[in-house]
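The values are calculated or read from the model by the stated rules, or taken from the named source; none is laboratory data. Nothing here was measured: the structure is a model prediction, and the numbers come from that model. No Cβ is skipped: glycine too gets one built from the backbone with ideal geometry, and neighbour counts run over all protein chains shown. All accessible areas refer to the heavy atoms of the entire protein, side chains included, with ligands and DNA or RNA removed. Shrake-Rupley method; radii C 1.70, N 1.55, O 1.52, S 1.80 Å.
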Amino acid sequence: MQTPKRATASTLLALLLGFGLMQMGNTLQGTLLSVRGGIEGFSPAQIGVVGAGFWVGVVIGSLRCGKLIQSVGHIRTFLALGAIASTAPLLHLLVMDPIAWVLARALTGFCFAGLFIVVESWLNGAATEETRGQILSVYAMTGLSAGIIGQIVLPATDPAGFRAFCIVAIVIAFALVPIALTRAAAPAHEGEGVRINLVGLYRQSPFGLVAAFLCGVTTSAFFTLGPVLAQRAGFDTRGVAAFMASGTLGPFLMAWPLGWLSDRLDRRLVIIGAAVTAAVTLFSIMALLPEEPCRWIVYLCVALFGGTIVPTYSVVMAHVNDAVGEGEFVAASGGLLIMQGAGAAVGPVVGGVAMSAFQHGLGYTLIATQILMAVFGVYRLTRRPAPPEMHKGVFVIEPSVPVGTALESVHSRAD
């Protein structure tokens, strides 16, 4: 018979393995659709709208799947959404039409939001107050690691054929197995949802709310249209995969250093510094690509760019936690989720339109976004002092697809 500690460890391993496979399939699917859309002759604007569809689905799923779970339970919700998510990639293959792809991608986002909510609820049930922060960090790093693997797998498939879509469907289907077979008890109902007040949240942390929106714009636009940018620069499938994997490796390596800095400095300074670094790095990438430089220099710049834009949302979350009152962070995290998701839905559309109109349209869009974040951050520095050290919480890495579950309670005040 397993001891409780060993049973908990095996449960966590099964949950993290299943989540990792889900995120691997999701990342592979996102890059695959951008590459295949280019092959099919979709414009960057159309590819951007397809990418935005995923985030629209994530936001709707994050807000609505809780009621579905309350209605039919965690296990039935997990199995139903998992079945849909594993078949959705094949819809893209059956209907080569941008509108159909937007609908299928939104369906995928809705399902993944529900799946992640269930997984995070199970993780929360297996965690203690002492281990919850560690588990959330491992969970987030598992997602980033799986994202790197998902990008690397792309060259082993043929984006122009049907095999890649079948692989995505198989990976997502296999992701359900370790979680479905775990002995984790279905979490109990965790209470009614909190009321989200975006106006009140803006009064408490104007920079946090705006930065969350701009984080969504930047990350979604880059990871949706980055493959198109690499294709335009003459990268083959292997090069596109390395380009996007570099953008995921950077966050994996830089999340902790940024978090360490933000725990010791005014978090707004860290966000501003990351935004300036991202803008300079992206400008360097734009200057390098037409000249056909050493690919490793480009990959290094992309890693630095990804390492500054992706972890920024975690710093923003911690900054808002420092500003809101006790017991308000669950509502605040829900507000940030809406703003980040709204930005993520807007980013690929704006970036795609700009990319269709100008050669460096995506780069201009992302640089402008980062400059706006930095300028507004500097302005807010002059309007409000940093919170006292005793009010600062502890930095925790956020998942790459935040869905705002009970795991957010880990963001507690430091003693």
Count of residues meeting criterion [at pLDDT below 90, open to solvent by 50 Å² or more (accessible area, probe 1.4 Å) and assigned to a helix (DSSP H, G or I)] in the stretch 358-390: 5
Of the criteria (1) under 30 Å from GLN134 (Cβ atoms); (2) at pLDDT 65 or above; (3) aliphatic (A, V, I, L, M), which one VAL410 fails: (2)
Failed criterion for THR142 (all others in (1) open to solvent by 50 Å² or more (accessible area, probe 1.4 Å); (2) touching a Gly at 6+ places or on another chain (Cβ under 6 Å); (3) not hydrophobic (A, V, I, L, M, F, W, C) hold): (1)
Conditions (1) open to solvent by 20 Å² or more (accessible area, probe 1.4 Å); (2) of a type in the set (Phe, Trp, Tyr); (3) over 18 Å from PRO348 (Cβ atoms); number of the one not met by PHE110: (3)
Counted residues, the stretch 54-82 - those being part of a helix (DSSP H, G or I), touching a residue at least 60 places away in the same chain (Cβ under 8 Å) and of a type in the set (Gly, Ala, Ser): 4
Residues that are open to solvent by less than 10 Å² (accessible area, probe 1.4 Å), outside any helix (DSSP H, G or I) and without any contact (Cβ under 8 Å) to a residue 60 or more places away in the chain, drawn from the stretch 201-258: none
Residue list for the stretch 266-309, restricted to those being assigned to a loop (DSSP other than H, G, I, E, B) and crowded, with 16+ Cβ neighbours inside 10 Å: ASP266
MET96, sole failed condition from (1) more than 18 Å from LEU154 (Cβ to Cβ); (2) in a helix (DSSP H, G or I); (3) of a type outside the set (S, T, N, Q): (2)
Residue within the stretch 149-161 that is at pLDDT 90 or above, under 15 Å from MET22 (Cβ atoms), in a helix (DSSP H, G or I) and open to solvent by 30 Å² or more (accessible area, probe 1.4 Å) present: yes
